[in-house]
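Novice: Provided herewith is a single structure, encoded as structure tokens, for subsequent inquiry.
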Amino acid sequence: MAVATQGASSGINSQNTRTLLRVSILFLIAAAAVASRLFSVIRFESIIHEFDPWFNFRATKYLVANGFYKFWDWFDDRTWHPLGRVTGGTLYPGLMVTSGVIYHALRALTVPVDIRNICVLLAPAFSGLTAYAAYLLTNEMTTSSSAGLLAAAFMGITPGYISRSVAGSYDNEAIAIFLLVFTFYLWIKALKLGSMLWGALCALFYGYMVASWGGYAFITCLLPLHAFVLIGMGRFSNRLYVSYTTWYALGTIASMQIPFVGFLPVKTSEHMPALGIFGLVQLVGLLQYVRSSMSAKQFQTFVITVLVGAVGIGLAGLVGLTSLGYIAPWSGRFYSLWDTGYAKIHIPIIASVSEHQPTAWPAFFFDLNMLIWLFPAGVYLLFQDLRDEHVFVVVYALFGSYFAGVMVRLMLTLTPIVCVSAAIAASQILDTYLSAKKPNLEEVTDAGATDAKPAKKSGLRVSSKPNVGIFTFVSKALVVGGMVVYLLMFVSHCTWVTSNAYSSPSVVLASRMPDGSQHIIDDYREAYQWLRQNTKEDAKIMSWWDYGYQIGGMADRPTLVDNNTWNNTHIATVGKAMSSSEEVSYPIMRQHEVDYVLVVFGGLLGYSGDDINKFLWMVRIAEGIWPEEVKERNFFTSRGEYRVDAEATDTMKNSLMYKMSYYNYHSLFPAGQTVDRVRGARLPDQGPVLNTIEEAYTTENWIIRIYKVKDLDNVGRDLAAAASFDRGQKKKASKKKGPRVLRVD
Amino acid sequence: MRLLSSLLSVSLLLAGSFAAKKTPTGRFDEFHAKSLSSSPVKLATSSYGSWTAAPRDYSAAVLLTAMDARFGCQLCQSFQPEFDILAKSWVKGDKAGKSRTLFGVLDFADGRDIFVSLGLQTAPVLLFFPPTEGPHAVASPDPIRYDFTAGPPSAEHVQAWLARQLPDRPHPPIKRPINWTAWIMGVGIFAGGISLLVTASPYLWPIVQSRNVWASISLILILVFISGHMFNHIRKVPYIAGDGKGGISYFAGSFQSQFGMETQVIAAIYGTLAFCAISLAVKVPRIADYRTQQVAVLAWGGVLFILYSFLLSIFRIKNGGYPFSLPPFM
């Protein structure tokens, strides 16, 4: 790819040939972008990945089956039992509608296609478009013809973006990153031309973005910030006025059409910068106008009056409305971006998600490879000219890297700008060193004498001297050779990362047999299929929220909680049921009409993403609501260790989660050799005893274990007594053994 | 000593039962009157006994602490002001004593025997004595102990804990005193800063307008963020750590963690690499002398290559299976 782009910039003269080359290179880049995302389909199969995509897939199927208006009013009674969810009003419909439209369009063209395949392949298809959008955006920044193509190539294959857009990763980000980059392109275009048409287009795509992803707030904050910085630099112009006003007015109206967003754009604080800058732009525009028709003295008094008045009224209004409660405080997820300690203390449910953790440096390098050090270089190069659009890149780069540092997930929003500025740096180097022209020594000295003047006062110090070019072939060969090596390594790095790290569906796991052949572990689907075939249509399944969407999507059974974590209390209820003893959990499960409980256990296989490892978050979230009944401290030994073996605390051993995970586990091993391979712990030979639930199904590798909640005893005993009677123990013994141990906490 | 302490505790018990002879209501009024003048009340061995004696129709929160510098109790020092705020705002918000709650502090120096008799090894300990008589009586007269494991708690946190122990009674909210010095200092610094800016503006203005300054600020910030500084800030990672064999390890051996020193090394590497790229792209083509230019290309290109190879070798420490490398750090 790198070689191809260099070809485009070297000396082919005809305009038509260049265009043809450019189009074919862009097509090749798009093809490479799509192809590199197909690893998962080739390795595994055409399957929806992970967690959230299963909900999106289910919603899309509903949309395709029932039509748009039913989808809009969809009340889903099969999730969040017994509450249900107003799904139509609490989702971003952009993704589902996009695939629905594609589906119907293909049907109209009589292409027989399955909605699942559209969903699986949507993200790769849009990645091709994203590469094109990156090309357009970069071309606005520089005159170098190769920069745009390099940016498109980077964007197409960089792992930072592939991580969220492999085939099967049917999530909002699949289309949102394209919309993000394209909206930025339209904004730059509108700003450059001062055109209302481009501004309206920008608003239109902004509206599409709002319909697609909660990350739209990034645009909502970045564009006003750009405008603000420009005004602060004294670069207010009518172009800025027209483009910003058009975007804000139309974009806000467009965003309010989404039921989930509704009146948030005029209420919540994360939309306030946009509103405030809108006011500021009007004010500055007014001042500009007045200045042209007033004497300087009068104007000064006027400015002071207007400024003091406007700022005073604005501040008072903001404070007043906030204190009266009309304007919501920062939403938790957003707030945790600024005050980094906030989430840990106040909202464990946000802190518990691994995507919301801060980013260590290896993650940056892993996702961006060589681009990470070309990125600052590119930003620096933009300071040479520092036109309005370059200011945008600088502002974006600063905020993008801050946000990416705070939250792993926001690496995604940083990636486009990294690609753009790295491409600018790389193309500048390549353009300089690939030029066949050799500077003439005498000309150089002449030019040095005459050109010393135009060095701009405000420019960078490095660019104050005239550009003469590279003299020797050796220099050119060395630098170009180096760049080619780095670019080739970048391509192999991206391929390696994509195939190794980002192409696992996580529903299906792959492992290697001793002889090197691939072994597929398909326990998730096995369990979900079992639920689908062996339980009643409306059997309620209780599991930790991570698996809610998958159970809904694959097993088609109602769940108590799922990945749309809108109700913290309900999640804490499940956490409490999991972390309490059976006596406490059973009434909770009865109240919520739970029929089956599903746990994920990786001890046999060494699968570390299991429920015992997530258990502390269940405890913490439950503790947030019931601090007297669930205490994190009790799950740690007196030495502060989190253990599962014989040394585990009584609270731990009696918790429902522990019992369900290790029930009967010792029977797999010879006496004294029961081992949990994830935590490397040797377990006692006496396994836990279950009274109120019974094992219903355990998958091949024990990854999923399903338990049935027992009905009330038909002769009125409590279930512990009934269970111990069934085990053939005398009543006395059971009394001693059962409840007393269990009430320790 | 042992004999002495047991004697003492017996005498304490006796003192407590004598005190209990008084009607509990009368006791509460007396203690409450005392706490109105200064809250929390400083207790000693005898007053502790009478406060916590068994038949009581009020609740008491008693902080057992060791403020003396000799004990070096960090937690005591940091929690004491919070407890004072809690006690003050509670008593102020509940002048009539409707919640029937008292706040007391027993320092180790004043009540060594109590510590011994309770078998306390650590401080601070916050005990809550629920009422044993009256409408809110509980069955067990034993105090409830506050859990200090999560570091020094805020007054609000303890207030919420107390509120949970005291259902159906008023819970006066925390009112922190306005920190006048901080406000005056803040206003003063603000005004001073503004006047300094105004007077120095002829000198500052060129700096503010200098593109070089802004470029370097932006680059430094970007480098700080992309080298994982926010991770250090949030996770409070150590600067460096021992490797278990007496040496020092500068790089954490896992993909998900890092040390403070490590991020600085990485930031420096990124910065140098970026600087090499900038030099190659902008500075070198502007060198008018072809010999100097040749040397500059060799130097910058060489540094770039070697540092990138070094960066890859560091990355292989973090990610064991990473297959790519460049000479010389293979």
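Residue by residue, here is whether (1) in a loop (DSSP other than H, G, I, E, B); (2) touching a strand residue (DSSP E or B) at 6+ places or on another chain (Cβ under 6 Å); (3) surrounded by 13 or more Cβ atoms within 10 Å (Cβ to Cβ) holds:
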{"position": "A:T17", "(1), (2), (3)": "no, no, no"}
{"position": "A:V23", "(1), (2), (3)": "no, no, no"}
{"position": "A:F27", "(1), (2), (3)": "no, no, no"}
{"position": "A:I47", "(1), (2), (3)": "yes, no, yes"}
{"position": "A:P53", "(1), (2), (3)": "no, no, yes"}
{"position": "A:A59", "(1), (2), (3)": "no, no, yes"}
{"position": "A:K70", "(1), (2), (3)": "no, no, no"}
{"position": "A:T79", "(1), (2), (3)": "yes, yes, yes"}
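Novice: Can you find a residue in the stretch B:199-211 that is more than 9 Å from every other protein chain (Cβ to nearest Cβ) and more than 29 Å from A:Y380 (Cβ to Cβ)?
Specialist: Of the residues in the stretch B:199-211, the ones more than 9 Å from every other protein chain (Cβ to nearest Cβ) are B:199-208.
Pick out the ones that are also more than 29 Å from A:Y380 (Cβ to Cβ) and you get B:199.
Scanning the stretch B:199-211, I find at least one residue that is more than 9 Å from every other protein chain (Cβ to nearest Cβ) and more than 29 Å from A:Y380 (Cβ to Cβ), so the answer is yes.
Novice: Right, here's the next one. Considering every residue within the stretch B:217-235, establish whether at least one is modelled with pLDDT of 90 or more, surrounded by 15 or more Cβ atoms within 10 Å (Cβ to Cβ), within 9 Å of another protein chain (Cβ to nearest Cβ) and under 30 Å from A:A477 (Cβ atoms).
Specialist: Within the stretch B:217-235, one or more residues are modelled with pLDDT of 90 or more, surrounded by 15 or more Cβ atoms within 10 Å (Cβ to Cβ), within 9 Å of another protein chain (Cβ to nearest Cβ) and under 30 Å from A:A477 (Cβ atoms).
Novice: Filter the stretch B:285-297 for residues that are at the interface with chain A (Cβ under 7 Å from one of its Cβ atoms) and part of a helix (DSSP H, G or I); which is farthest from A:P362 (Cα to Cα)?
Specialist: We begin by selecting, within the stretch B:285-297, every residue at the interface with chain A (Cβ under 7 Å from one of its Cβ atoms); these are B:285-286, B:288, B:290, B:293-294, B:297.
After this cut, where a residue has to be part of a helix (DSSP H, G or I) as well, the list is B:285-286, B:290, B:293-294, B:297.
Values: B:P285: 33, B:R286: 35, B:Y290: 40, B:Q293: 35, B:Q294: 35, B:V297: 29 Å.
This residue is B:Y290.
Novice: Further question on the same structure: Within the stretch A:609-623, identify whether any single residue is within 31 Å of the chain's Cα centre (by Cα), modelled with pLDDT under 85 and part of a loop (DSSP other than H, G, I, E, B), and answer yes or no. Spell out how you get there, then give the answer.
Specialist: So in the stretch A:609-623, the residues within 31 Å of the chain's Cα centre (by Cα) come out as A:609-623.
Next, from what is left, pick out any that are modelled with pLDDT under 85: A:609.
If we keep only those that are part of a loop (DSSP other than H, G, I, E, B) as well, we get A:609.
The answer is yes, given that some residue of the stretch A:609-623 is within 31 Å of the chain's Cα centre (by Cα), modelled with pLDDT under 85 and part of a loop (DSSP other than H, G, I, E, B).
Novice: Another question about this same structure. Any idea which residue in the stretch B:32-43 is farthest from B:D84 (Cα to Cα), counting only those that are within 30 Å of the chain's Cα centre (by Cα) and not in a strand (DSSP E or B)? Can you show your working first?
Specialist: Just the residues of the stretch B:32-43 that are within 30 Å of the chain's Cα centre (by Cα), to begin with: B:35, B:38-43.
Going one step further and asking which of them are not in a strand (DSSP E or B), we end up with B:35, B:38-40.
On the way: B:S35: 12, B:S38: 10, B:S39: 7, B:P40: 6 Å.
Filtering first and then ranking leaves B:S35.
Novice: What single numbered condition from (1) within 42 Å of the chain's Cα centre (by Cα); (2) hydroxyl-bearing (S, T, Y); (3) more than 7 Å from every other protein chain (Cβ to nearest Cβ) fails to hold for B:S279?
Specialist: Checking B:S279 against (1) within 42 Å of the chain's Cα centre (by Cα); (2) hydroxyl-bearing (S, T, Y); (3) more than 7 Å from every other protein chain (Cβ to nearest Cβ), the one that fails is (1).
Novice: From the list B:V208, B:V187, B:V138, pick out the single residue that is touching a Pro at 6+ places or on another chain (Cβ under 8 Å) and surrounded by fewer than 16 Cβ atoms within 10 Å (Cβ to Cβ). Quick ask: steps written out before the conclusion?
Specialist: Working: B:V208 fails: touching a Pro at 6+ places or on another chain (Cβ under 8 Å); B:V187 fails: touching a Pro at 6+ places or on another chain (Cβ under 8 Å).
The conditions single out B:V138.
Novice: Let me ask something else about it. Determine the pairs where a residue that is over 16 Å from A:L63 (Cα atoms), located within the stretch A:96-110, has a partner that is outside any helix (DSSP H, G or I) and hydroxyl-bearing (S, T, Y) with Cβ atoms under 7 Å apart, the partner being 6 or more residues away or on another chain.
Specialist: none
Novice: If you don't mind, there's one more thing I want to ask. Looking only at the stretch A:512-532, count every residue that is out of contact with any helix residue (DSSP H, G or I) (no Cβ under 6 Å at 6 or more places or on another chain) and farther than 20 Å from A:G609 by Cβ and tell me the total. Write out each step before concluding.
Specialist: Applying the first criterion (out of contact with any helix residue (DSSP H, G or I) (no Cβ under 6 Å at 6 or more places or on another chain)) to the stretch A:512-532 yields A:512-527, A:529-530.
With farther than 20 Å from A:G609 by Cβ added as a condition, the list becomes A:513-517, A:529-530.
Of the residues in the stretch A:512-532, 7 are out of contact with any helix residue (DSSP H, G or I) (no Cβ under 6 Å at 6 or more places or on another chain) and farther than 20 Å from A:G609 by Cβ.
Novice: For A:A133, only one of the following conditions fails: (1) touching an Asp or Glu at 6+ places or on another chain (Cβ under 8 Å); (2) in a helix (DSSP H, G or I); (3) among the small types (G, A, S). What is its number?
Specialist: (1)
Novice: With the checklist (1) in a helix (DSSP H, G or I); (2) within 27 Å of A:F375 (Cβ to Cβ) in hand, flag the one item B:G253 doesn't pass.
Specialist: Checking B:G253 against (1) in a helix (DSSP H, G or I); (2) within 27 Å of A:F375 (Cβ to Cβ), the one that fails is (1).
Novice: Kindly evaluate A:A254 against the criterion of being more than 27 Å from A:V97 (Cα to Cα) and either outside the structural domain of A:G400 (by TED's automatic domain parsing) or aliphatic (A, V, I, L, M) (or both). If you could, list the steps in order and put the result at the bottom.
Specialist: Working: more than 27 Å from A:V97 (Cα to Cα): no; either outside the structural domain of A:G400 (by TED's automatic domain parsing) or aliphatic (A, V, I, L, M) (or both): yes.
In short, no.
Novice: Confirm whether A:D562 is closer than 21 Å to A:T699 by Cβ, in contact (Cβ under 8 Å) with a residue 60 or more places away in the chain, buried (at least 23 other Cβ atoms within 10 Å of the Cβ) and among the acidic types (D, E).
Specialist: So A:D562 fits the description; yes.
Novice: What are the residues in the stretch B:315-326 that are hydrophobic (A, V, I, L, M, F, W, C), surrounded by 15 or more Cβ atoms within 10 Å (Cβ to Cβ) and within 9 Å of another protein chain (Cβ to nearest Cβ), if any? Walk me through it before giving the result.
Specialist: Taking the stretch B:315-326 as the starting set, the residues that turn out to be hydrophobic (A, V, I, L, M, F, W, C) are B:315, B:317, B:324, B:326.
Applying the additional criterion that residues be surrounded by 15 or more Cβ atoms within 10 Å (Cβ to Cβ) yields B:315, B:317, B:326.
Residues satisfying the conditions are B:F315, B:L326.
Novice: Further question: With the requirement that a residue be of a type in the set (D, E, K, R) and under 20 Å from A:I706 (Cβ atoms), what does the stretch A:572-586 give you?
Specialist: Filtering the stretch A:572-586 for residues of a type in the set (D, E, K, R) gives A:576, A:582-583.
Answer for the stretch A:572-586, where residues must be of a type in the set (D, E, K, R) and under 20 Å from A:I706 (Cβ atoms): just A:E582.
Novice: Among the hydroxyl-bearing types (S, T, Y), in a helix (DSSP H, G or I), out of contact with any strand residue (DSSP E or B) (no Cβ under 8 Å at 6 or more places or on another chain) and over 23 Å from A:E270 (Cβ atoms) - does that describe any residue in the stretch A:154-161?
Specialist: Filtering the stretch A:154-161 for residues among the hydroxyl-bearing types (S, T, Y) gives A:158, A:161.
When the remaining residues are screened for being in a helix (DSSP H, G or I), the result is A:161.
Okay, now just the ones that are also out of contact with any strand residue (DSSP E or B) (no Cβ under 8 Å at 6 or more places or on another chain), so A:161.
Add one more test, that the residue is over 23 Å from A:E270 (Cβ atoms), and what stays is A:161.
Yes, the stretch A:154-161 contains a residue that is among the hydroxyl-bearing types (S, T, Y), in a helix (DSSP H, G or I), out of contact with any strand residue (DSSP E or B) (no Cβ under 8 Å at 6 or more places or on another chain) and over 23 Å from A:E270 (Cβ atoms).
Novice: Can you name the residue in the stretch A:480-526 that is among the hydrophobic types (A, V, I, L, M, F, W, C) and more than 14 Å from every other protein chain (Cβ to nearest Cβ) and is also surrounded by the fewest Cβ atoms within 10 Å (Cβ to Cβ) among such residues?
Specialist: Applying the first criterion (among the hydrophobic types (A, V, I, L, M, F, W, C)) to the stretch A:480-526 yields A:480, A:483-485, A:487-491, A:494, A:496-497, A:501, A:507-510, A:513, A:520-521.
Filter once more, so that each one left must be more than 14 Å from every other protein chain (Cβ to nearest Cβ): A:507-510, A:513, A:520-521.
Values: A:V507: 22, A:V508: 18, A:L509: 20, A:A510: 14, A:M513: 8, A:I520: 11, A:I521: 16.
Only one residue fits best here, namely A:M513.
Novice: Return a yes/no flag: does the stretch B:93-101 have any residue that is free of Cβ contacts under 8 Å to residues at least 24 places away in the same chain and on the phi > 0 side of the Ramachandran plot. Even if it seems obvious, please write down each step before you answer.
Specialist: To start, the set of residues in the stretch B:93-101 that are free of Cβ contacts under 8 Å to residues at least 24 places away in the same chain comprises B:96.
Narrowing further to those that are on the phi > 0 side of the Ramachandran plot: none.
Checked against the condition, which is being free of Cβ contacts under 8 Å to residues at least 24 places away in the same chain and on the phi > 0 side of the Ramachandran plot, the stretch B:93-101 yields no hits at all.
Novice: Limited to the stretch A:464-479, what total is found for residues that are part of a helix (DSSP H, G or I) and either more than 9 Å from chain B (Cβ to nearest Cβ) or surrounded by fewer than 17 Cβ atoms within 10 Å (Cβ to Cβ) (or both)? Don't jump to the end; show me each part of the working.
Specialist: Taking the stretch A:464-479 as the starting set, the residues that turn out to be part of a helix (DSSP H, G or I) are A:464, A:473-479.
So of that shortlist, the ones also either more than 9 Å from chain B (Cβ to nearest Cβ) or surrounded by fewer than 17 Cβ atoms within 10 Å (Cβ to Cβ) (or both) come out as A:464, A:473-474, A:477.
Within the stretch A:464-479, residues that are part of a helix (DSSP H, G or I) and either more than 9 Å from chain B (Cβ to nearest Cβ) or surrounded by fewer than 17 Cβ atoms within 10 Å (Cβ to Cβ) (or both) number 4.
Novice: Answer yes or no: is there a residue in the stretch B:246-268 that is on the phi > 0 side of the Ramachandran plot and either more than 10 Å from chain A (Cβ to nearest Cβ) or in contact with a helix residue (DSSP H, G or I) (Cβ under 8 Å, 6 or more places away or on another chain) (or both). Working first, answer last.
Specialist: Filtering the stretch B:246-268 for residues on the phi > 0 side of the Ramachandran plot gives B:246.
Now restrict to residues that are either more than 10 Å from chain A (Cβ to nearest Cβ) or in contact with a helix residue (DSSP H, G or I) (Cβ under 8 Å, 6 or more places away or on another chain) (or both): B:246.
For the stretch B:246-268, residues on the phi > 0 side of the Ramachandran plot and either more than 10 Å from chain A (Cβ to nearest Cβ) or in contact with a helix residue (DSSP H, G or I) (Cβ under 8 Å, 6 or more places away or on another chain) (or both): present.
Here is a yes/no grid of residues against (1) more than 22 Å from A:I162 (Cα to Cα); (2) in a loop (DSSP other than H, G, I, E, B); (3) not hydroxyl-bearing (S, T, Y); (4) not assigned by TED's automatic domain parsing to the domain that holds A:I29:
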{"residue": "A:V394", "(1), (2), (3), (4)": "yes, no, yes, no"}
{"residue": "A:G400", "(1), (2), (3), (4)": "no, no, yes, no"}
{"residue": "A:F403", "(1), (2), (3), (4)": "no, no, yes, no"}
{"residue": "A:R409", "(1), (2), (3), (4)": "no, no, yes, no"}
{"residue": "A:I417", "(1), (2), (3), (4)": "no, no, yes, no"}
{"residue": "A:S421", "(1), (2), (3), (4)": "no, no, no, no"}
{"residue": "A:Y433", "(1), (2), (3), (4)": "yes, no, no, yes"}
{"residue": "A:A436", "(1), (2), (3), (4)": "yes, yes, yes, yes"}
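Novice: Working only within the stretch A:170-222, note down all residues that are among the small types (G, A, S), assigned to a loop (DSSP other than H, G, I, E, B) and either closer than 25 Å to A:R409 by Cβ or not assigned by TED's automatic domain parsing to the domain that holds A:G148 (or both). Walk me through how you get there before you give the answer.
Specialist: Within the stretch A:170-222, the subset among the small types (G, A, S) is A:174, A:176, A:190, A:194-195, A:199-200, A:203, A:207, A:211-212, A:214-215, A:217.
Imposing the further condition that a residue be assigned to a loop (DSSP other than H, G, I, E, B) reduces the set to A:194-195, A:214-215.
Hits for the stretch A:170-222 are A:G214, A:G215.
Novice: Moving on to the next point. Pick from A:P670, A:P627: which is farther than 18 Å from A:A527 by Cβ, away from chain B (no Cβ under 14 Å) and of a type outside the set (G, A, S)? Give the steps one after another, and end with the answer.
Specialist: Details: A:P627 fails: away from chain B (no Cβ under 14 Å).
So the residue among A:P670, A:P627 that is farther than 18 Å from A:A527 by Cβ, away from chain B (no Cβ under 14 Å) and of a type outside the set (G, A, S) is A:P670.
Novice: Please give the helices (runs of 4 or more DSSP H) falling wholly within the stretch A:636-745 in which 2 or more residues are modelled with pLDDT under 85. Please lay out each step first, then the result.
Specialist: Numbers: elements: A:650-654, A:656-662, A:719-726, A:731-742.
Passing ranges, in order: A:719-726, A:731-742.
Novice: I would also like to ask the following. Of the residues that make up the stretch B:246-254, is at least one assigned by TED's automatic domain parsing to the domain that holds B:A299, within 30 Å of A:V229 (Cα to Cα), in contact (Cβ under 8 Å) with a residue 40 or more places away in the chain and in contact with a Phe, Trp or Tyr (Cβ under 9 Å, 6 or more places away or on another chain)?
Specialist: In the first step, residues of the stretch B:246-254 are kept if they are assigned by TED's automatic domain parsing to the domain that holds B:A299; the result is B:246-254.
Narrowing further to those that are within 30 Å of A:V229 (Cα to Cα): none.
No, that holds for no residue.
The values are calculated or read from the model by the stated rules, or taken from the named source; none is laboratory data. Source: prediction; values computed, not measured. Because the Cβ atoms are built from the backbone with ideal geometry, glycine has one as well, and the counts that use them run over all protein chains shown.
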